[in-house]
1. Which one of these is open to solvent by 30 Å² or more (accessible area, probe 1.4 Å), of a type outside the set (D, E, K, R) and at pLDDT 70 or above: V489, V558, V566, V506?
2. Residues that are touching a residue at least 40 places away in the same chain (Cβ under 8 Å), surrounded by 23 or more Cβ atoms within 10 Å (Cβ to Cβ) and either touching a Gly at 6+ places or on another chain (Cβ under 6 Å) or part of a helix (DSSP H, G or I) (or both): does the range 174-190 have at least one?
3. Within the range 94-128, which residues are among the aliphatic types (A, V, I, L, M) and over 23 Å from S21 (Cβ atoms)?
4. Picking from W204, W150, which residue would you name as being at pLDDT below 95 and open to solvent by less than 30 Å² (accessible area, probe 1.4 Å)?
5. Of the residues F131, F137, F167, F157, which single one is surrounded by 24 or more Cβ atoms within 10 Å (Cβ to Cβ), in a helix (DSSP H, G or I), modelled with pLDDT under 95 and not polar (S, T, N, Q)?
6. Considering only residues that are part of a loop (DSSP other than H, G, I, E, B) and open to solvent by 60 Å² or more (accessible area, probe 1.4 Å), which ones fall in the range 245-259?
7. If you go through the range 224-237 one residue at a time, do you hit one that is open to solvent by 10 Å² or more (accessible area, probe 1.4 Å), basic (K, R) and closer than 29 Å to L297 by Cβ?
8. What is the residue count in the range 608-641 for residues that are part of a loop (DSSP other than H, G, I, E, B) and either under 30 Å from S339 (Cα atoms) or of a type in the set (A, V, I, L, M) (or both)?
Amino acid sequence: MRNKKFMLPPASRNRIYEKVSLLLLALPIVWGFYLVLRYGVNVCFGDEWKFVGMLDSVKNRTYTVKKLFAQHNEHRMVFPNLITIAVSLLTGLNSKALMLVDMGIVAISYTFCIRYIRSIFYDNRIKIVFFSLISGFLLFHAAQYENILWGFQTAWFLISLCSIISFVFLERLLRGEELDLSIFMILSSSFIASFSSLHGLFIWLAVDALVFISLLKKVFLKKRFYILLATAQVFCFVLYFHHYHKPKHHPAYLQNGILKAFEYYFSTIGQVCSPNHRIAFSVGFVIFLSSFILIFLAFYKKDFLKKNVLPLGLVIFGNLFALSVAVGRSGFGVEQAFSSRYTTNTVLIVLGILLCAMQFFSKNIMLTKIAFFDVLVALAVITAFENPVYLPIYESSKYSRLTDAYYLINHKNVDLRSRGWGELSIVTAIQLQILENNSWNVYSPSAKKTVAKYFEIKPISTFRIPRNEAFILCAFKNHDDYDSLQIAVWSEPDGQDDLQWFDVTVNRQKSFEYKIPLESYNTDGDYFIHVYGTKKEKREFITNARLEIDLFEIKKYVPCIIPDFVYSNENAPYYIDIESFNTGRLYLRGWAYHDNDECSVYIENDGSFYKATVESRQDVQAAFSLADSKHGFSIKLYTENKDYALYLVNETKQEVYTLK
């Protein structure tokens, strides 16, 4: 028999359960903030550079309402701009602070989901915690790394929050609760979303769809609500599209045809579950069918709508968003459907499906009476716990942004254009002057300190240096508590096939330097350096760095003859990641393939052909389900002519494709 003497009273047990539940429910929030604190970098990136001029205008009191409502691509980002201005004035345009605010917005969305789940399961703590955790890890999903690590993307998270608020209060309205407050929250949150980004307008359409279904189910609301909804919606659309223009650099609607648009659509809603092209397309089709079945149930099943306004609203809104980008962006190619920024909205479909399916769970076991809903929940669970898969991308992004920061801080000694679009080529001297004069962003003391910490290992310029004289200079500070240091160095292509270890004798002075010779390495590009210290025969990790090393003289490209194969009119998929021309040097890096055939890339420049270096691209292999990863290429040429042509030579089929 159990000894009752050692049993806690019910009240004490309940308090312990409550505290444990709260700790567990906080895990997704901790995860989201960890991603920003660990991998976020305080440096402007891409479109974020527009904030420099905006904040300077605010400071000088020249910022106008017209500028606030000005169109950015397809979007009018009124409320994200207001949030950015407020946060930036307080933090000195700190990009990392903007990212933390974004995570705060997601945390509010998560809180609404917890409240909704509690309303379904009441006192069943296990199910409340289980489904809340799944919802939280979906909302904070690491697959949306572009948005999480970019201070410019507040609009995406704000729209996600506004959609949840609108549907939560619409459900209360349909139940006859808090009439005036519910109407106000629906209209205000929809308006805020509309003037955060173009796809925020779809919240109105999702609300319209739910109201239409409620009318068919003979659930009538007061006429005042219908009048206010119609008036606010018309006002919002008219105001939004007043003097609206389609961006010239974007493709025409349905440019590649309806079939390609559908492929883009299914890939968009499926890529949250997998970055693999075929898997994403298949899962996207399953998500679409699931969405259709749930919407059908809202028409067919009695009281299904009243209990599932929030889930159905998320499903409808997410699908409307995916359809809109398929119509407007499919002209960029299906590869663009895998942009991680879309995940913030498409993950709402998976969340809506989960919130619908969980209501069919029996009281005592974690299974439903219908296998279909078990499958949907399993899909959501698998998606939620894929988060750690994306951590290598976060690590890569961090060092890329740190490199950007290093270039900016030392901009007087480097060519910023060499960093490419979306990073530093769009930076102007005026923007840099504004940041430096105000000590904003990367020029703040804390940002400079962070960059200095990660760039204690610094590359020495090796341009035109013979191989036997090239080296990496490592500067060590305050490491005298270690008996010895070990440095591991390898280049990015082909994994760690050229990994070498270097033993360093510790200098007991406060700082010392060590030169890593590069004469035994056969490639240029990105190098990884990991530093370890040995103390009392125990090795521990100290720091690491990822550096772009230019060993141009190590590999010389000589003119060659392109194989005499048949020139084909067929197009081959390709993409150029980096294209730069400066100081008499042309540098290209990208990928190209044709089926699973053995191919090589050739460049024509000044009447001569050169064969590009083959690189491993595991991201391309995963995205297009290819047999191997040897589809990347890079080439650096001494030339005064920046014009070139690219050709993909298919050795298997003995064909040549012009990469246009």
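The values are calculated or read from the model by the stated rules, or taken from the named source; none is laboratory data. If you're wondering where the values come from, they're calculated on a predicted model, not measured in any experiment. All Cβ positions, even for glycine, are placed from backbone atoms using ideal geometry, and neighbour counts span all protein chains on display. These area figures cover heavy atoms from the full protein model, side chains too; ligands, DNA and RNA do not enter into them. Shrake-Rupley method; radii C 1.70, N 1.55, O 1.52, S 1.80 Å.
1. It is V566.
2. Yes, the range 174-190 contains a residue that is touching a residue at least 40 places away in the same chain (Cβ under 8 Å), surrounded by 23 or more Cβ atoms within 10 Å (Cβ to Cβ) and either touching a Gly at 6+ places or on another chain (Cβ under 6 Å) or part of a helix (DSSP H, G or I) (or both).
3. The answer is A97, L98, M99, L100, V101, I105.
4. Sole residue among the options that is at pLDDT below 95 and open to solvent by less than 30 Å² (accessible area, probe 1.4 Å): W150.
5. F131
6. Residues satisfying the conditions are H245, K246, K248, H249, Y253, L254, Q255, N256.
7. Looking through the range 224-237, none of the residues is open to solvent by 10 Å² or more (accessible area, probe 1.4 Å), basic (K, R) and closer than 29 Å to L297 by Cβ.
8. Number satisfying all stated conditions: 10.
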